[in-house]
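**Student:** Okay, handing you the structure first.
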Amino acid sequence: MMLTKYVIGVDFGTDSVRAVLADTADGKEVATSVFEYPRWKQGLYCDPKKSQFRQHPLDYIEGLDYVISRCVQQSGPDIARQVVGISVDTTGSTPVAVDSTGTPLALLPEFADNPNAMFVLWKDHTAIQEAAAINEHAKQFDIDYLQYVGGIYSSEWFWSKLLRIFRQDSQVRAAMQSWVEHCDWIPFLLCGGDQVTHIKRGVCSAGHKSLWAAEFGGFPPNEFFASLDPLLDGFIQKLPKETYTADQAVGKLSAAWAEKLGLSTDVFVGIGAFDCHMGAVGGQIEPYYLSKIIGTSTCDILVAPQQEMAGKLVQGICGQVDGSVIPGMIGLEAGQSAFGDVYAWFKKLLLWPLKNIGVDHDLLSAEQVEQLENKVLVVLSQQAAEIIPTAEDELALDWWNGRRTPDANQALQGAFAHLDLASDAPHIFRALVEATAFGAKRIVDRFVEQGIPVKGIIALGGIPHKSPFVMQMMADVIGMPIRVHKSEQTCAIGAAMFAATVAGVFPCVEDAMHQMGQGFDQEYRPDTTRAEVYANRYTQYIALGNFTEQRLIKN
């Protein structure tokens, strides 16, 4: 009789890390655990006004230990003995400076409180000037080194952030032996790695954010970077030429981590990838179905057969990479730099007097404010859903954290129009939700305009389960049905599917996806009676965006 085998998927998000221990026979979640990053929660090492968002490696290490250990404890020793694989996904591009042992510099005493020695979170936009320099510099070369990243390099990505750190901090620059994505570092850590040259880079992170392409023979040549800035001269030698798909193993769990977690050293550790890519697999992605992982931002993933993508290059997206999602298929990535963050901003704005006047002046208790905080978006959604949309309603742009797709520009900002003395909180909130839906539609339109069909939409993440108002608005605006995946932990489950493949339980990740997938539990269909008004308002949204962008360029 064959023993049941179990796997662990770990998902490092923006605010927390979560783990799922799953049965490979049916994908059932045997145990789950979540850990909120304590330093991040306090706002340490961040300056939102400067768009500086850094995370300390200790938040990740402590979280990794906590969530896996808790899952193992919940499931019991019998199941723990049958865990055969661990795979990890993370946000990205979220790189860090490491020394010759592969240790993040922030773990060294001399850099313990230096934000430049920490992980530079995906949403950090301090490298806008560096991204602009890369985009201008790339025009000088006969080979288009930006062709597989949509033709525009972003301040959210690997090389922009590296150059920014190099220009800003000579001490970090001198101590740095390599620059490593979060999703590549965690598997190295779990395997007990102690040499930076042993870090295996995933094709997901390298292809979408670091300009790696097989057609280039790896990364662009040293000439490209040295002529961009002499500070980068020779750095390319610190990066490997080879990359790996996420169905391959980094190695096995080290003795130290196995003892710490209560697992065996026979456990395989898979190549890491970005959360949205593994999340798309957890959400049972199909060719030409746009998989939207919707949270603080969105990451939109589409896969297409290699032969059908031959000769096609989609402009203004976040890359198209062979094997970045499913080995053997081209993975295409897009997304919105802010989605849930837009709603969180509005909630914070509304709660300011309650927290800063109500509590500080003993008019309200902290518990009462917390109760109101939990209710405000729920009630706003209910009120906003009752508003019948018209062409004259309040209008917003969703660029609160810049624009990722189409045509990345992190310098852009949000805006409102059509405000008057009748504008109240439900109307403004409705405009914000509508703006995020319009931003989602622009991504669909870009794929279609460039010859990539979008057959339907799959929604994943917390918002699709928590906000029917947001999801119905998106279906109405895009004019397509949206299926919501049953699991709320699709990224972690996707990682678990890859772990099962890495451990040899399944020959390919498609089989793991079929066997372990949980299916869909909701579908939102567009209200055709609102199609005309949303088409009108979408035209206004585009016009407002064009006007705002031109004004920002002039200024």
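**Student:** List the cysteines in the chain whose Cβ has no other cysteine Cβ under 4.7 Å from it.
**Tutor:** So, CYS46, CYS71, CYS183, CYS191, CYS204, CYS318, CYS491, CYS508.
**Student:** How big is the charge dipole of the stretch 37-194 about its Cα centre, in debye rounded to the nearest 20, if each Lys and Arg gets +1 on its Cβ and each Asp and Glu gets -1 on its Cβ?
**Tutor:** The dipole of the stretch 37-194 has a size of about 400 debye.
**Student:** Can you sort VAL433, VAL172 by how many other beta carbons sit within 10 Å, fewest first?
**Tutor:** Going from sparsest to densest Cβ surroundings: VAL172, VAL433.
**Student:** Another one. From largest to smallest, what semi-axes in whole angstrom does the stretch 147-221 give when each is the square root of 5 times an eigenvalue of its alpha carbon gyration tensor?
**Tutor:** 21, 19, 11
**Student:** Placing +1 on the Cβ of each Lys and Arg and -1 on the Cβ of each Asp and Glu in the stretch 76-126, which of ILE86, LEU105, HIS125 has its Cα farthest towards the positive end of the resulting dipole?
**Tutor:** Sorting the options by dipole projection puts first ILE86.
**Student:** Assuming a strict under-20 Å limit between Cα atoms, what lysine pair count do you get for the stretch 1-135 once near-sequence pairs (fewer than 8 apart, same chain) are dropped?
**Tutor:** 6
**Student:** Further question: Quick one: if you take sqrt(5λ) for each eigenvalue of the C-alpha gyration tensor of the stretch 282-337, what semi-axes come out, biggest first, whole angstrom?
**Tutor:** Listed largest to smallest, the semi-axes of the stretch 282-337 are 19, 14, 8 Å.
**Student:** As a check on your grasp of the helix formula, calculate [θ] at 222 nm for the chain: sum -39500 (n - 2.57) over DSSP H runs of n ≥ 4, divide by the residue count, round to the nearest 500.
**Tutor:** Calculated from helices alone, the mean residue ellipticity at 222 nm is -11500 deg cm²/dmol.
**Student:** Once the convex hull of the alpha carbons of the chain is built, what does its volume come to per residue, in cubic angstrom?
**Tutor:** Roughly 157 Å³ of hull volume per residue.
**Student:** Please give the charge dipole size of the chain, origin at the Cα centre, charges +1 on K and R Cβ atoms and -1 on D and E Cβ atoms. Round to the nearest 20 debye.
**Tutor:** About 240 debye.
**Student:** Which of the pairs LYS209/LYS441; LYS209/LYS347; LYS200/LYS348; LYS252/LYS455 have their Cα atoms more than 30 Å apart in this structure?
**Tutor:** In this structure, LYS209/LYS347; LYS200/LYS348; LYS252/LYS455 exceed 30 Å between Cα atoms.
**Student:** Right, next: In what sequence do PHE224, PHE438 fall when counting other Cβ within 10 Å, fewest first?
**Tutor:** Final ranking by Cβ density, sparse to dense: PHE224, PHE438.
**Student:** Same structure again: Please list, in chain and number order, the residues 5+ apart from MET329 or on another chain whose amide H is under 5 Å from its amide H, with Hs placed from the backbone.
**Tutor:** GLY323
**Student:** Something else now. For the stretch 411-468 and the stretch 308-351, what is the separation of their Cα centres, given in Å?
**Tutor:** Going from one Cα centre to the other spans 14 Å.
**Student:** How about the stretch 333-368: which chymotrypsin sites (Phe, Trp or Tyr not before Pro) there are in a DSSP loop, with at most 15 other Cβ atoms within 10 Å of their Cβ?
**Tutor:** Qualifying residues, ordered by number: none.
**Student:** To continue, here is another question. Would you kindly calculate the mean projected area, averaged across all directions, of the convex hull enclosing the Cα atoms of the stretch 244-358, in square nanometres?
**Tutor:** 11.5 nm²
**Student:** Can you tell me the Rg and the Dmax, both Å, for the Cα atoms in the stretch 64-165?
**Tutor:** Radius of gyration, then largest Cα-Cα span, for the stretch 64-165: 19.3, 61 Å.
**Student:** Checking a compactness column here: for the stretch 335-454, what do you get for Rg(Cα) / (2.2 N^0.38 Å), N being the number of residues?
**Tutor:** 1.25
**Student:** Let me ask another. Please figure out what share of the DSSP beta bridges in the chain is antiparallel and state it in percent, rounded to the nearest 5.
**Tutor:** About 70 percent, rounded to the nearest 5.
**Student:** Cut-off is 10 Å between beta-carbons; in what order do ARG167, ARG39, ARG430, ARG551 appear when sorted fewest neighbours first?
**Tutor:** Lowest count first: ARG551, ARG167, ARG39, ARG430.
**Student:** For a quick protection proxy, order the peptides 110-117, 306-313, 280-287 by their average other-Cβ count within 10 Å, most packed first.
**Tutor:** Ranked from most to least packed, the peptides come out as 280-287, 110-117, 306-313.
None of the figures in this text is laboratory data; all of them are computed from the coordinates on show. Only a predicted model underlies this, so the values are computations on that prediction, with no experimental measurement involved. Virtual Cβ from ideal backbone geometry, glycine too; neighbours counted across all protein chains shown.
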